[in-house]
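Participant: Submitted below is the structure of interest, expressed as structure tokens.
The values are calculated or read from the model by the stated rules, or taken from the named source; none is laboratory data. On a predicted model such as this, the values are computed, not experimentally measured, just so you know. When we count neighbours, we look across all protein chains shown, and the Cβ atoms used for this are built from the backbone with ideal geometry, even at glycine. These accessible areas exclude ligands, DNA and RNA; they are computed on the full protein's heavy atoms, side chains included. Shrake-Rupley method; radii C 1.70, N 1.55, O 1.52, S 1.80 Å.
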Amino acid sequence: MNGAAVSSKGGEDDLAAELTAARAQAEENYNKFLYAMADFENYKKRMERQLADIALAGKKSVLTKILPVLDNLERAVAFEDSDGLRGGLQATLRMFETALASEGVKTVSLKGLPFNPRLAEAIATQPTPDGIAEDTVLDEAHKAYTIGGEVLRPAQVVVAKNA
């Protein structure tokens, strides 16, 4: 009887060891599963960011082509002509501005502000007028436009400079 008790005890020890090993394997597999799920979530977020970047690049390409048209409309409106033509041009200009705004494009006016090379390129300089600080934007040939916090097109500006 003593031999049966020993072999029964040995079997229980073997079963306990197997159970412990199985639990360790299950925990390891569960941790691998959690890691794979976290990795997959990171992959999804990365793909969403890349797709958003691709969409933004396509949008920027199209919108950049529209901006010169907008510039020409603004110049046409600036000229004094018949009220009918001017009104039609103003309506067209407003439509363009509305369309651009609906796509997240914002105009950045720099006139009177310090020159910012991130938002503008200097196309000319003029002597600094009285009461104006050097490196102040005196005039804009083309406005700056941004989309999603990025510069879509820098402004072309005239900057005050001392001789």
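Participant: What net charge do the residues around L19 carry, taking every other residue with its C-beta under 12 Å from that of L19, with Lys and Arg at +1 and Asp and Glu at -1?
Facilitator: With Lys, Arg at +1 and Asp, Glu at -1, the neighbours total -3.
Participant: So if R0 is 25 Å, what FRET efficiency would Y43 and T20 give, r being the distance between their Cβ atoms, rounded to the nearest 0.05?
Facilitator: E(calc), rounded to 0.05, equals 0.10.
Participant: For the chain, what does the accessible surface come to per residue with a 1.4 Å probe? Please give it in Å².
Facilitator: I get 70 Å² per residue for this part.
Participant: Give, as a single signed number, the net charge of other residues whose beta carbon lies under 9 Å from the beta carbon of K161, with Lys and Arg counted +1 and Asp and Glu -1.
Facilitator: Surrounding charge for K161 is -2.
Participant: For the chain, what does the helix formula give at 222 nm: sum of -39500 (n - 2.57) over DSSP H segments with n ≥ 4, over the residue count, nearest 500 deg cm²/dmol?
Facilitator: -22500 deg cm²/dmol
Participant: Additional query: What is the stretch 44-163's relative contact order, in percent, from Cα pairs under 8 angstrom and six or more apart in sequence?
Facilitator: About 23 percent, as a whole number.
Participant: Considering only protein heavy atoms and a probe of 1.4 Å, how much of the accessible area of the stretch 11-109 is carbon and sulfur, as a whole percent?
Facilitator: Exposed carbon and sulfur together represent 61 percent of the surface.
Participant: If you take every DSSP beta bridge fully contained in the chain, what fraction is antiparallel? Give it as a percent rounded to 5.
Facilitator: Bridges in the chain are about 65 percent antiparallel.
Participant: Give the residues of the stretch 140-157 whose amide nitrogen is closer than 18 Å to a point set 7 Å from the Cα of Q126 in the direction of its Cβ.
Facilitator: Output list for this probe position: 140-144, 155-157.
Participant: Now for a different question. Which lysines have a Cα less than 23 Å from the Cα of K45, not counting those fewer than 8 places away in the same chain?
Facilitator: The qualifying lysines are K32, K59, K60.
Participant: Oh, and also: Excluding ligands and nucleic acids, what accessible area in Å² is computed for I132 using a 1.4 Å probe, to the nearest 10?
Facilitator: Taking all protein chains as shown, I132 has close to 70 Å².
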